[in-house]
Amino acid sequence: MPRTYPALSANNRVLGALLIGAAFVIAGGIHYQTPMLATIAGEFQASPAAVGWIPTLSFGGMLIGVAFLLPLGDRINKRWLIIGMISVLGMAQAVMTMAPSIAVLAAASLVTGICSSVGLVFISIVVDIAPPQHRGRAVGTQLMAMFIGILFARIAGGVIAAQFGWRWSYAFSTGLHCVLVGTLLAWLPHTRPSSRLSYRDLLRSIFTLYREHGNVRRAAAIQFLLGICYGGFWAVVATMMATLHHVGPAAAGLIGIPGAAGILVARPAGRWMDRSGAVPVVTTGVCVMISAWLAFGFAATSVAFVVLGAILLDCGLRTAMVANQTLINAAAPDARARANTIFGMHVWCGNAVGAFLTSSAFAMYGWLAVCAIAMAASIGALLIHCGIVPVGRVKPA
């Protein structure tokens, strides 16, 4: 018997479109800040270290939300979980619009990060309503909407801040979230919980899920290592460009445009996943990631290699992510929210570990040390995927 949405087969396309729009809006919440941090620091006469708490707490909040709120998707009606989290997210953006200090901005950023984890709840719904033969494409489309939302927020945040002031970027985001909440109240259906566990037992069951499902362990481990490569690059790219090519922050920021190339591959990767399974898709994604760091190895000779590497980096990451996220949702049909918790924690922890390792390596040994760390992580992901390093056994999705 269907677990969720039993009466919605005729309206699944409408629901799918609603979730795509919601993913676009939600993904941007913690990224409007990216081009505005220097402006914010100037208004409050804050040091770079002080203003750095805004992105730090937003990404830390994302980890908290993934760990402690996302599992509730298996325990309660997803409609109220989603609407509640987005409502709080909209209020946090409104507080940032009127924030009188860096401390208030940072606190609201923490709340924004926590509630932005709701985007992963959408994935479990998409997998529920998509026919099994089209799940990869559905997940790819959802992730594509998230990637476009991130890129839009970075561009729109900069443009609005330049024309009207940084506070108007958050006002714009608040308006989008208000519209989204109203739309979800009108159209988002109710769901039936798949678990009756208490909240404490629900969190404990995450470890059981990780231990018992080889597919989940394998996909999460691969994405953790690829996250080291991805987060590591974006943590040091501006410093690297300034050091090697004497490029300022505005020009370095343009690397984000070719670095968003994964938008173009997410949906095709999902279709390929539907046709051929996860193995060839993940293999390709990891190999493209390795190629990216080979290109980055020549970054000192020309900016062209940085651009090429950024394109390959994003395409490799997104290709593997679409396949692995589809795989983990298929591995645990009655615990998809918790499976996405495991996956999301590995992705975000990988980004954080990568940023720490590469920042330290670049400061002490230079750019080639960064490339060495990322290449080692990429090869490690390939060894896990090929079964040479036994983390988990892949079963057909």
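Rule-based calculations on the coordinates, nothing more; no lab input. All of these numbers come straight from a predicted model, not from anything done at the bench. FYI the Cβ positions are ideal-geometry reconstructions off the backbone, even for glycines, and counts take in every protein chain you see.
Numbers for the structure displayed
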quantity	calculated
Hydrodynamic radius (Kirkwood) for segment 206-385, which is based on Cα pairs only, to one decimal in Å	16.4 Å
5 Å-binned pair-distance histogram of segment 138-226 (Cα, whole percent)	3, 10, 9, 12, 15, 13, 16, 12, 6, 3, 0
Translational diffusion of the chain, µm² s⁻¹ [Kirkwood Rh, Cα pairs; Stokes-Einstein; 20 °C; 1.002 mPa s]	101 µm²/s
By average C-beta atoms within 10 angstrom, highest first, the peptides 115-125, 90-100	115-125, 90-100
The chain: DSSP helices with Cα axial extent of at least 24 Å and average Kyte-Doolittle hydropathy no lower than 1.6	278-296, 367-385
Two-decimal Rg/Rh across segment 164-271, once Rg and the Kirkwood Rh are taken from alpha-carbon atoms	1.10
Total charge dipole magnitude, the chain, about the Cα centre, Cβ charges on Lys, Arg, Asp, Glu only, Debye to nearest 20	1100 debye
Stokes-Einstein D in µm²/s, Kirkwood radius over Cα pairs - segment 319-371 at 25 °C with 0.890 mPa s viscosity	192 µm²/s
Ellipticity estimate at 222 nm from DSSP helix runs (n ≥ 4, -39,500 (n - 2.57)) divided over the chain, nearest 500	-26000 deg cm²/dmol
Two-decimal ratio, segment 291-397, of alpha-carbon radius of gyration to 2.2 N^0.38 Å	1.23
Given charges at Cβ of Lys, Arg, Asp, Glu: segment 11-193 dipole, positive-most of PRO193, ILE26, MET98	PRO193
Three principal axis lengths of segment 11-193 [C-alpha, angstrom, descending]	53, 30, 27
